[in-house]
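Asker: Encoded as structure tokens, here's the structure I'll be asking about.
The values are calculated or read from the model by the stated rules, or taken from the named source; none is laboratory data. None of the values given here were measured: they were computed from a predicted structure. Cβ: placed from backbone, ideal geometry, glycine included. Neighbour counts: every protein chain shown. Ligands, DNA and RNA are excluded from the accessible area calculation, which covers all protein heavy atoms including side chains. Shrake-Rupley method; radii C 1.70, N 1.55, O 1.52, S 1.80 Å.
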Amino acid sequence: MIFDKLAQYDYEQLVFCQDEETGLKAIIAIHDTTLGPSLGGLRIWPYQSDEEAIIDVLRLSRGMTYKSAISDLNLGGGKAVIIGDPKEIKSEELFRTFGRFIEGLNGRYITGEDVGSTVEDMETIRKETKYATGVSPELGGCGNPSPFTAHGVYKGIKSAALKAFGTDDLTGKTIAVQGVGNVAYNLCRKLHEDGANLVVSDINKDNVQKAVTEFGATEVDVDAIYDVDCDIFAPCAMGASINDDTIARLKAKVVAGAANNQLKDARHGELLQEKGIVYAPDYVVNAGGIIAIEDALHGFEHERAMEKIDAIYDKVQQIFEYAEKENVATNIAADRLAEERIRKAKEA
Ligand code: NAD
């Protein structure tokens, strides 16, 4: 059964890491190393079953292959999960043990932050292996990747606005932001500085309040965000928010945001296109964090990293052009361009 799952999308390796003493139960998935060592964050989550954790780590690692490929990074796709509640299981020994497992892979997998893991956790892992990124600037890393992700999303939104409205000027545009956490807080600041009107929703009322106070945002209920009369809808919370139900309700001309796996299914990209909504593919516009992390592999330089993240603007245009030429939805165009890059590298 495991080999059938791996064969489905040609995964290279699945590594199970267990340690009785620290309670470590981790899985590392390496999807593809054609373009370089696999890189992807460490998710710490109380999965209900081993099967659920395996499915998640495989799906996420494959996503990283596409994200790095489309972002012109010389990295492959990987991901790790630790099974458990991040509020309960963290300890120095657990992370150091996990670090030793990563070290054993000899650079085939490089870890970083994801849901449930922090800069401090990476620094603990780093005591055992150099294959841990996202550490603080004092240790040569880029620190918390969220502001870099936000910058990339901002560039992606502007690029999609150019396509939809003929100008990337966001002055006076109404932007509905779903979820104002780490990334979206930084994003909202940039959009506010550009003169956009913000409408926000979040299950966390403190986060909403910050956006209201600092950026003059208007608050709406969590579900009402889909009905907002807006120009741009920015999903920055969870996955699958673009689906049959929500597409029917959206009034925006652009969908572009930070969340991973925004489309419930690939066909929802086509539905957006049919409705005349410009969709900037999620893994293209939210690659700012990994671009900064990749930069830090060569000794972090803030300005250089920001320049590379700026290129998301042109990348999104390139995807729109390809989609138009091939008459496919933009999510399909992004997938094909990423696959093309990997195929060419394999042939070479
Ligand atoms: P975060 O947890 O800081 O923020 C997410 C916010 O969404 C939280 O404030 C949460 O309360 C809110 N939320 C959850 N469910 C919601 C709902 N149903 N409706 C409205 N709000 C809801 O996470 P983040 O780091 O800001 O990441 C946001 C998204 O971007 C995630 O999907 C993440 O996977 C993706 N992403 C993040 C990065 C990064 O660098 N942090 C990089 C790439 C992709």
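Asker: Could you identify which residue out of Glu20, Glu307, Glu326 has the top mean-square fluctuation in a GNM of the chain using Cα springs shorter than 10 Å?
Answerer: Evaluated over the chain, the most mobile residue of the options is Glu20.
Asker: Based on C-alpha coordinates, I'd like the Rg and Dmax of the stretch 211-348, in Å.
Answerer: 16.8, 54
Asker: Oh, and also: Give me the distance in nm between label points sitting 7 Å out from Cα along the Cα-to-Cβ direction at Lys5 and Thr218, one decimal.
Answerer: 4.6 nm
Asker: What helices does the chain have that are whole DSSP H segments, at least 24 Å long along their own axis by Cα, and with mean Kyte-Doolittle hydropathy of -1.0 or more?
Answerer: Membrane-span-like by this criterion, though nothing is claimed about a membrane: 50-70, 146-165.
Asker: Here is a further query. Just read off the accessible area of Lys190 with the full protein assembly in place, 1.4 Å probe, to the nearest 10 Å².
Answerer: Its accessible surface works out to 50 Å², give or take rounding.
Asker: Considering only protein heavy atoms, what is the solvent-accessible area of Ser71 at a probe of 1.4 Å, reported in Å² to the nearest 10?
Answerer: Its heavy atoms expose roughly 20 Å² to the probe.
Asker: What residue among Glu321, Glu93, Glu303 has the largest mean-square fluctuation in a Gaussian network model of the chain, using Cα springs under 10 Å?
Answerer: Among Glu321, Glu93, Glu303, the largest GNM mean-square fluctuation belongs to Glu303.
Asker: Can you give the charge dipole size of the chain about its Cα centre, rounded to the nearest 20 debye, using +1 on the beta carbon of Lys and Arg and -1 on the beta carbon of Asp and Glu?
Answerer: 580 debye
Asker: Still on this structure: If you wrap a convex hull around the Cα atoms of the stretch 172-282, how much volume per residue is inside, in Å³?
Answerer: 84 Å³
Asker: Translational diffusion coefficient, Stokes-Einstein: compute it for the stretch 94-220 using the Kirkwood radius over C-alpha pairs as Rh, at 4 °C and 1.567 mPa s, and state it as an integer in µm² s⁻¹.
Answerer: 78 µm²/s
Asker: Separate question: How large is the Kirkwood hydrodynamic radius of the stretch 1-40, in angstrom, based on all distinct alpha carbon pairs?
Answerer: 11.6 Å
Asker: Ignoring ligands, DNA and RNA, what accessible area per residue does the chain give at 1.4 Å, in Å²?
Answerer: Heavy-atom accessible area per residue stands at 43 Å².
Asker: Here's something else I'd like to know. Which one of Gly239, Gly181, Gly141 is farthest out on the positive end of the charge dipole of the stretch 133-247, using unit charges on Cβ (Lys, Arg +1; Asp, Glu -1) and the Cα centre as origin?
Answerer: My answer, from the dipole projection, is Gly141.
Asker: Still on this structure: Could you give the length gained on full extension between Gln317 and Lys205, defined as 0.36 nm per residue of separation minus the Cα-Cα distance, in nm?
Answerer: 36.8 nm
Asker: Just grab the label-to-label distance for Asn106 and Gln18, each label 7 Å out from Cα along the Cβ direction, in nm (one decimal).
Answerer: Taking the simple label geometry, Asn106 and Gln18 are separated by 2.5 nm.
Asker: I need the Kirkwood Rh of the stretch 32-124: take the reciprocal of the average 1/r across all distinct C-alpha pairs and report it in angstrom.
Answerer: Taking the inverse mean of 1/r over all distinct Cα pairs, the stretch 32-124 comes out at 13.5 Å.
Asker: Binning at 10 angstrom from zero up to the longest distance, how are the C-alpha pair distances of the stretch 290-348 distributed in percent?
Answerer: Answer for the stretch 290-348: a P(r) of 21, 34, 36, 9, 0 percent.
Asker: To continue, here is another question. Ignoring ligands, DNA and RNA, what percent of the accessible area of the stretch 74-118 is carbon or sulfur (1.4 Å)?
Answerer: Accessible surface attributable to carbon and sulfur in the stretch 74-118 totals 49 percent.
Asker: Would you mind giving the average projected area, over all directions, of the Cα convex hull of the chain in nm² with one decimal?
Answerer: Over every viewing direction, the Cα hull of the chain projects on average to 17.4 nm².
Asker: Report the antiparallel proportion of the DSSP beta bridges in the stretch 123-277 as a percent, rounded to a multiple of 5.
Answerer: Antiparallel bridges make up about 0 percent of those DSSP assigns within the stretch 123-277.
Asker: What percentage of the solvent-accessible surface of the stretch 207-348, computed with a 1.4 Å probe over protein heavy atoms, is contributed by carbon and sulfur atoms?
Answerer: Summing carbon and sulfur atoms, their accessible area is 47 percent of the total for the stretch 207-348.
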